[in-house]
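Scroll down for the structure; my scribbles are underneath it.
The values are calculated or read from the model by the stated rules, or taken from the named source; none is laboratory data. Remember, predicted model here, so these are calculated numbers, not experimental data. Positions of Cβ are generated from backbone atoms using ideal geometry, with glycine treated the same way; all protein chains shown enter the neighbour counts. Please note that ligands, DNA and RNA were not included when accessible areas were found on the heavy atoms of the full protein model with its side chains. Shrake-Rupley method; radii C 1.70, N 1.55, O 1.52, S 1.80 Å.
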Amino acid sequence: MFPTMNKKLLILRACGVSGEREECDNIKIQAQLYGILVSDFCPKTNEELETILHAGETYDYIYLSSHGNIDGFGNEQSTISYSWFDFGVLLCGAACMNPDCIILLSCCRGGLNQIAYDLFYCCTKISYVVGPRQSLFPHDMLISFNILLYNIEHRNLDPIVACEKIKLGTDIRFICFDRLETEAETGYILRTAEYEREWKESLNEARKEANEPPVPIVEAEKA
């Protein structure tokens, strides 16, 4: 039986590679099978992506299909290009996520620690970030996220445990980052200290627009 209040999924087809259409079509149908309401867009530029996120809708899942690496993501034509930090600021300022939102990164190397650090730091509504540790084809992404959504939505498993099922079934390395666990890691603490020195002002402006608490100034800055 589906819950009375449906969850919502945003699909962003921001890659342009062969196979993306079939991958995202499948994810959309699977989500609808679980009673999730799906909004599906294919932005072609940064401006179009920003318009979609600022449309006033809020989501429980955001599924980003794109080219990606440790620095950021983009599309085949390079008309979409964001660093992960800037994307996190955009998500925060757009106020497009419900509490405990899960970010699903269907892009190569989307499951790197530094990416999760950026997104968690920028918006408190993000509870989990999921992505592959390796470079993959669309059919690899498809089966992996099928397994993840099945275990979260149908079997009601914790996202961390659900993500572990991907490697058990496919030998593909995916990872799910939990905000509460990640914030205690030394790597996260060191990286966020650097953020506060360099980008605190712009981030706090976005947080203010989204009615989120500002990032505090660390003692070293006050001195």
Exercise for the section: Can you figure out the FRET efficiency of Val161 with Asn98, using R₀ = 25 Å and their beta-carbon distance, to the nearest 0.05? Expected result: 0.70
Handout entry: region 8-210, accessible surface, carbon-and-sulfur percent (1.4 angstrom probe)
Key = 50
Practice task
Write down the Kirkwood hydrodynamic radius of region 8-101, to one decimal in angstroms, obtained as one divided by the mean of 1/r over all alpha carbon pairs.
Solution key: 13.5
Problem - Estimated distance in nm for a label pair at Leu180 and His139, the labels positioned 7 Å out from Cα along Cα-to-Cβ - result: 4.0
Exercise for the section: Can you grab the distance from the C-alpha centre of region 62-88 to the C-alpha centre of region 97-151, Å, no decimals? Expected result: 13
Completion exercise
Violations at 27 Å Cα threshold for listed pairs Lys44/Lys167; Lys8/Lys208; Lys28/Lys125; Lys125/Lys165; Lys165/Lys200 -> Lys44/Lys167; Lys165/Lys200
Fill in the blank from the handout: For region 18-28, in residue order, the Karplus 3J(HN,Hα) values (coefficients 6.51, -1.76, 1.60; θ = phi - 60°; whole Hz; Gly and Pro = x) are 4, x, 5, 4, 5, 4, 6, 4, 5, 4, 4
Fill in the blank from the handout: Projected area averaged over all directions for the convex hull of the alpha carbon atoms of the chain, nm², comes out at 11.9
Problem - ³J(HN,Hα) computed for each position of region 47-62 - Karplus, 6.51 cos²θ - 1.76 cosθ + 1.60, integer Hz, glycine/proline x - result: 5, 5, 4, 5, 4, 4, 6, 8, 6, x, 8, 10, 10, 9, 10, 10
Completion exercise
In Å³ per residue, the alpha-carbon convex hull of region 166-205 encloses 111
Problem - Choice from His54, His67, His139 with maximal GNM fluctuation in the chain (Cα, 10 Å cutoff) - result: His139
Exercise for the section: Determine the order of Glu23, Glu47 by accessible area, beginning with the largest, at a probe radius of 1.4 Å. Expected result: Glu47, Glu23
Problem - Charge context of Ile52, other residues only, Cβ under 12 angstrom, K/R +1, D/E -1 - result: -3
Practice task
Could I have the simple spin-label model distance between Ile29 and Gln114, label points 7 Å from Cα toward Cβ, reported in nm to one decimal?
Solution key: 3.8
Practice task
Provide the gained length on full extension for the span Glu76 to Glu201, in nm with one decimal, where the gain is 0.36 nm per separating residue minus the Cα-Cα distance.
Solution key: 41.8 nm
Handout entry: Of every Cα-Cα pair in region 47-145, the percent that sits beyond 23 Å
Key = 19
Problem - Largest-first ordering by accessible area, 1.4 Å probe, given options Leu64, Leu112 - result: Leu112, Leu64
Exercise for the section: Any chance you could check the Cα centroid distance between region 161-213 and region 27-52 for me, in angstrom? Expected result: 22
Completion exercise
Expressed per residue, the solvent accessible area of the chain in Å² (1.4 Å probe) is about 49
Problem - Hypothetical label at Thr58: residues of region 68-94 whose amide nitrogen lies under 13 Å (7 Å Cα-Cβ projection) - result: 94
